[in-house]
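J.: If you scroll down you'll find the structure; I have some questions about it.
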Amino acid sequence: MADRRLYRVESPDGDVQTTMTVVRRVLARCARPPISLSARGTLTGPAAVAAIAAAAPEMRAEAVLDVPPAELGRLAATLRERPLDAWLAEQGASGFGSAFWIGSDRDEPRASQLTLSFTAEPGQEQAERPRAERWLAALAEAGLLPPAASPERVAAWFFTHVKAEPGLPPPNPSPGTVQNDVRIRSFGWRGTADRPPVYGPAAIELTVPLPPPVALARAVPLLAAGGPIRFNGYFTADPRIAAALADLGECHFDFEIDPLPEPVPDALLTAADDDLIIVEWCCDRPGESSALNGVVLGVNATYDGSPYDPLALPGAATVHLGLHPRANDRDPDACARQLAELAGVRLAAG
């Protein structure tokens, strides 16, 4: 999909409520149904999560926090007490010499995924094998593999099935059940710049029949020898979860509400003094797709020329017209000027 074009509308003083009147005027005079509303942003504390969740119970949130190894036991206990929809913990500098991931399985709620990244040149699978075998043996010793699952057999299955022939596309093996419901697959592929390229697996990934909080608790001794853990947890409108996670380390919460019912809750626009909030009204306009057409309200945000990645700017409140690049027969600039004139507003220079 092509990037939409954003055209900033001049606002008298940048105040949120004043800016909302500009949004309403543009929608009333220019928008064609159907009109859909959504919101997203970044919140810096659990109090803001609680305020928005009270007004929009359908809010989906992602907690992002860095957890020191010493707090991993508390994190595991928190996940037992406050189950999340999904989560992923990444230790970039693990005791195994590369990134170690542990998290919930996207297809099996009571299963866990364990992943170790590879660092050797693509195609050098055998150079990675001793380290992978040490990792598998450590998993078995920690109780992360079923008792009858053999680390040697898991390694043999993986390195047999992911072997790539030089100059040929990488194989695409189906995830295999090796022993006792342990599934194994390649996390992805890397290639060299050669012509033809040489491919190799990016990581080894296991799915084991353990509830994710149990798996994390058993993995604590393995993770304790490494660096900090980046934790991403996904949940729906539960301020108790937000408060529990914020107590573990430096944290922020990315959120999304789609669809967001009208009217826009005041709590959404005043969740916190400096929190970045984006509200979007999508509507039909001249062009080939309504997905890119609409009005974008930014609270404590500026787009700085980027159509998808707003930057935090405390105190700012902005309105943008969003247009499909093919609007008005591939002349969105002229279309934006026409819409601004119809709404009785002015477009900002540049």
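Laboratory data are not the source of any read-out in this text; all were calculated from the coordinates shown. Computed from a prediction, not measured in an experiment: that's the story for all the values here. Glycine gets a Cβ as well: all are built from the backbone with ideal geometry, and neighbour counts include every protein chain shown.
J.: Between residue 17 and residue 85, what is the spin-label point distance in nm, taking each point 7 Å from the Cα along the Cα→C-beta axis?
T.: 3.3
J.: So, one more: Taking the chain as the reference, fit the longest principal axis to its C-alpha atoms, fit the long axis of helix 16-30 to the helix C-alpha atoms, and give the angle between the two in degrees, 0 to 90, nearest 10.
T.: 80
J.: Among (i) 139; (ii) 162; (iii) 187, which one is volume of the Cα convex hull per residue in Å³ computed from these coordinates?
T.: (ii)
J.: What are the semi-axes of the equivalent ellipsoid of the range 1-141, taken as the square roots of 5 times the eigenvalues of the Cα gyration tensor, listed largest first and rounded to whole Å? It would help to have the intermediate numbers written out before the result.
T.: Details: eigenvalues 409, 94, 46 Å².
Taking √(5λ) for each Cα gyration eigenvalue gives 45, 22, 15 Å.
J.: Please give the contour-minus-distance gain from residue 258 to residue 163: 0.36 nm per residue of separation, less the Cα-Cα distance, rounded to one decimal in nm. Spell out each step's value before the answer.
T.: Values: separation 95, 0.36 × 95 = 34.20 nm, distance 4.29 nm.
So the extension gain works out to 29.9 nm.
J.: Per the helix-only calculation at 222 nm, which mean residue ellipticity applies to the chain, given -39500 (n - 2.57) for every DSSP H run of n ≥ 4 and division by its residues, nearest 500 deg cm²/dmol?
T.: Details: 10 runs with 103 residues, N = 350.
The per-residue figure over the chain is -8500 deg cm²/dmol.
J.: Quick one: helix 151-161 against the long Cα principal axis of the chain, what's the angle to the nearest 10°, folded into 0 to 90?
T.: The angle comes out at about 60 degrees.
J.: Looking only at GluC sites (Glu not before Pro) in DSSP loops with at most 13 other Cβ atoms within 10 Å, what is the longest site-free stretch of the chain?
T.: Details: sites that count: 10, 58, 250, 288.
After excluding every exposed loop site, the longest remaining stretch is 59-249.
J.: Follow-up question, since we're still on this one. Just subtract the alpha-carbon distance of residue 142 and residue 202 from 0.36 nm times their residue separation and send over the number in nm, one decimal.
T.: 19.2 nm
J.: Within 10 Å of each candidate Cβ there may be at most 15 other Cβ atoms; applying that plus a DSSP loop requirement, which trypsin sites (Lys or Arg not before Pro) in the range 91-150 survive? Walk me through the numbers on the way to the answer.
T.: On the way: sites: 106, 110, 131, 134; in loops: 106, 110.
In loop regions of the range 91-150 (DSSP not H, G, I, E or B), the sparsely surrounded trypsin sites (Lys or Arg not before Pro) are 106, 110.
J.: Along its principal axes, what span do the Cα atoms of the range 206-255 show, with the longest given first and each in whole Å?
T.: 29, 26, 16
J.: Apply the Karplus curve 6.51 cos²θ - 1.76 cosθ + 1.60, θ = phi - 60°, to the phi angles in the range 58-71 and return the couplings in whole Hz, x for Gly and Pro.
T.: These are the phi-based 3J(HN,Hα) values: 7, 4, 10, 10, 10, 7, 10, 8, 9, 10, x, x, 5, 9 Hz.
J.: Same structure again: Sequence-distant or interchain residues sharing an amide H contact under 5 Å with residue 202, placed H: which?
T.: 187, 188, 189, 190
J.: Calculate how steeply helix 46-55 sits against the longest principal axis of the alpha-carbon atoms of the chain, using the helix alpha-carbon long axis, and give the answer as 0 to 90 degrees to the nearest 10.
T.: Approximately 60 degrees, to the nearest 10.
J.: Show me the ranking of peptides 181-193, 258-270 by mean Cβ neighbours inside 10 Å, starting with the highest. It would help to have the intermediate numbers written out before the result.
T.: Numbers: 181-193: 16.8, 258-270: 15.1.
Sorting 181-193, 258-270 by mean packing, highest first, produces 181-193, 258-270.
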